[in-house]
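What follows is a set of notes on a single structure, which appears directly below.
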Amino acid sequence: MTVSGETSQQTTEQGVMLTDIAAQKVKSLLEQEGRDDLALRVAVQPGGCSGLIYQLFFDERQLDGDSVQDFGGVSVRIDRMSVPYLTGATIDFVDTIEKQGFTIDNPNATGSCACGDSFN
């Protein structure tokens, strides 16, 4: 049985956790796009005021060295350069008065900026 906010899927050594709520939101967005060939790509890129930023987007490509995980029919891909920054991270979706969108709880981040969009 899954408790709200928790998920039954397990994180792999080179992966992330996608909560059930986030997986449902991704499925909903993919249904709106009308495409079943897309995966959620999670990447880390240089930028932001703390040095690194997260990128989440739909991608039809599978790159050499990608870490690929399935969460109830939602495919999550992470490029090999981003894997060390994201191992053990949890991706969730929040919908509150204060905030709406995907959030990433990353145990590898040693600090972040005030806006919360960048980390180091």
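Since every read-out is calculated from the coordinates, none of them should be taken as a lab result. Quick caveat: nothing in here was measured; it's all calculated off a predicted structure. Neighbour counts are summed over all protein chains in view; Cβ atoms, including those assigned to glycine, are modelled from backbone coordinates with ideal geometry.
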Problem - Residues of segment 57-82 with amide N under 18 Å of a point placed 7 Å along Cα→Cβ from L29 - result: 57-62, 68-79
Problem - trypsin sites (Lys or Arg not before Pro) within segment 17-105: DSSP coil, no more than 16 neighbouring Cβ in 10 Å - result: R35, R61, R80, K99
